[in-house]
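See structure below.
Derivation of every value follows stated rules applied to the coordinates shown; laboratory data play no part. The shown structure was predicted, so the numbers you read here are calculated from the model rather than taken from an experiment. Cβ coordinates were reconstructed from backbone atoms using ideal geometry, including for glycine residues, and neighbour counts include every protein chain displayed.
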Amino acid sequence: MPSLADVVFVVALVVAASVFEYVYFWPRFRAEVAAGKPSARVSAYRRGLAGEWAFTIAAIAIWVTFARPWSAMRLALPHGWRLAVGLVLVVIAVAFVILQLWSVARLPVERRVRARPKLGNLAFMLPHTAHEQGWFLALSASAGFCEEFLYRGYLPWFFAPWLGDVGAMALVVVLFGIGHAYQGRSGAVKATLAGAFMATVVLVTDSLIPAMIVHALIDIGSGTVGYWLLRDYPDLSRMQTGATDNTDTTLKPLTYSNSFVQ
């Protein structure tokens, strides 16, 4: 059964972190990018890394203190047919990322620039420079581990004694979506759907590991596609970027989670 330390931690993660995102982090991030602050994205990525690992390390410390088995939160390799399913999902994720990257890599620079408007509201948060890309990749890899550990491992374990495995996972999916309300209705819905997909992966494979890998791959692919489209191309600095190319077959980046804390 969860302890008092678990209760305090869950309140901090589910309530305090969400309020912080809504009131401070997200508005500040958008304002700094809109103001043209050169370090805005890198600073946000760093804050995201710090937040993710702070919560993850705290959760690990609580878990170790009470000598709980890691298998209790599904932090173990799947076995049998579940392992096969996990491997298939990872292969599909790898194939999707390769397809994403290929769809952009094969485009001439002019069409990459004309494809930028297709990124929509994602553009401001995706990397625009090589320096930003490096930090985004670090954030993506961390998100794959930290977010699945917290939201598909720790939190479902916390609620399971009262709701059962499936009920606990469903509740966390809803909380995950509500926690992204600061992104607007569309962002909250996308986060809920993404959370539901990852929850299904964890329940089917009975392991966090396939979901961690898939999550990281999706975020890495999205950041790389965004960077390839948004990076500065000096030879085309005078090109008008507002027009879209309806014949463009570029795949829009599929982000799992736009949040840097959740």
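How would you rank 63-70, 181-188, 132-139, highest first, on the average number of other Cβ atoms within 10 Å across their residues?
Listed from highest to lowest mean packing, they are 132-139, 181-188, 63-70.
Calculate how steeply helix 40-65 sits against the longest principal axis of the alpha-carbon atoms of the chain, using the helix alpha-carbon long axis, and give the answer as 0 to 90 degrees to the nearest 10.
Roughly 10 degrees, rounded to the nearest 10.
All other residues with a Cβ under 14 Å from the Cβ of Ser43 taken together, and with Lys, Arg as +1 and Asp, Glu as -1, what is their net charge?
In short, +4.
Provide the FRET efficiency to the nearest 0.05 for the Ala50-Ala84 pair, computing r from the beta carbons and using R0 = 45 Å.
About 0.75, to the nearest 0.05.
In angstroms, what radius of gyration and Dmax does region 4-236 have, counting Cα atoms only?
Cα only, region 4-236: 18.6, 61 Å (Rg, Dmax).
Let me check I've understood the local charge: for Phe29, count other residues with C-beta under 11 angstrom from its C-beta, Lys and Arg +1, Asp and Glu -1. What total comes out?
Local charge sum for Phe29: +3.
Show me 153-159, 109-115 ranked by packing, highest mean number of other Cβ atoms within 10 Å first.
Top to bottom by mean Cβ count within 10 Å: 153-159, 109-115.
Angle check, please: helix 130-148 long axis (alpha carbons) against the longest principal axis of the chain (alpha carbons), in degrees 0 to 90, nearest 10.
20 degrees
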